[in-house]
1. Would you mind stating whether residue 17 is surrounded by 16 or more Cβ atoms within 10 Å (Cβ to Cβ), out of contact with any helix residue (DSSP H, G or I) (no Cβ under 9 Å at 6 or more places or on another chain), over 21 Å from residue 86 (Cα atoms) and without any contact (Cβ under 8 Å) to a residue 40 or more places away in the chain?
2. Just need a number here: residues in segment 66-82 that are out of contact with any Asp or Glu (no Cβ under 7 Å at 6 or more places or on another chain) and surrounded by fewer than 18 Cβ atoms within 10 Å (Cβ to Cβ).
3. With respect to residue 6, is the statement that it is crowded, with 16+ Cβ neighbours inside 10 Å, out of contact with any Asp or Glu (no Cβ under 6 Å at 6 or more places or on another chain) and of a type in the set (Ser, Thr, Tyr) true?
4. Out of all the residues in segment 99-111, is one or more modelled with pLDDT of 80 or more and of a type outside the set (A, V, I, L, M, F, W, C)?
5. Before we move on, is residue 51 under 20 Å from residue 29 (Cα atoms), loosely packed, with under 11 Cβ neighbours inside 10 Å and modelled with pLDDT under 95?
6. Please go through segment 20-46 and pick out each residue that is surrounded by fewer than 16 Cβ atoms within 10 Å (Cβ to Cβ) and either touching a strand residue (DSSP E or B) at 6+ places or on another chain (Cβ under 7 Å) or among the aliphatic types (A, V, I, L, M) (or both).
Amino acid sequence: MLQAASRSHELGYQQELEAAAKESGGWLRYIPLVSRPWEDAGWKGEVGRAEDVLRKHLDESGFDPRNSTAYLCGHPMMIENGKGILLRRGFDRENVHVEVYWMPKKEKAPAPAAPASP
């Protein structure tokens, strides 16, 4: 389980997840990370953008798309980037679940130009 936040105090249920990973006998691996370590002087764990750390741990962990399911939740761009990484790794769309925390605002199309006067 990869959990990302801007700062470590924003990692919800971190202690419970660490305990669950410890008690799992290796079945669950918990990887917390922060994207703004300069705002979190005491942080000693993983740092970076969630999708970059996802790519790193997919390589190291050997997640197999044939027996794994992914759940991405949070920032819309992270989700799009994460989905792209997982789909390129061979994950089927039905095994990549998402929860977007908000929908990005769509740019308003410019008003059509007025017809030229004769």
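The values are calculated or read from the model by the stated rules, or taken from the named source; none is laboratory data. Computed from a predicted structure; not experimentally measured. All Cβ positions, even for glycine, are placed from backbone atoms using ideal geometry, and neighbour counts span all protein chains on display.
1. Answer is yes for this residue.
2. 9
3. no
4. Going through segment 99-111, the residues modelled with pLDDT of 80 or more turn out to be 99-101.
Pick out the ones that are also of a type outside the set (A, V, I, L, M, F, W, C) and you get 99, 101.
The answer is yes; a qualifying residue exists.
5. Numbers: under 20 Å from residue 29 (Cα atoms): yes; loosely packed, with under 11 Cβ neighbours inside 10 Å: no; modelled with pLDDT under 95: yes.
When the stated conditions are applied, residue 51 does not pass them.
6. The initial filter retains those residues of segment 20-46 that are surrounded by fewer than 16 Cβ atoms within 10 Å (Cβ to Cβ), namely 20, 22-29, 36, 38-39, 41-42, 44-45.
Passing the criteria: 20, 28, 41, 45.
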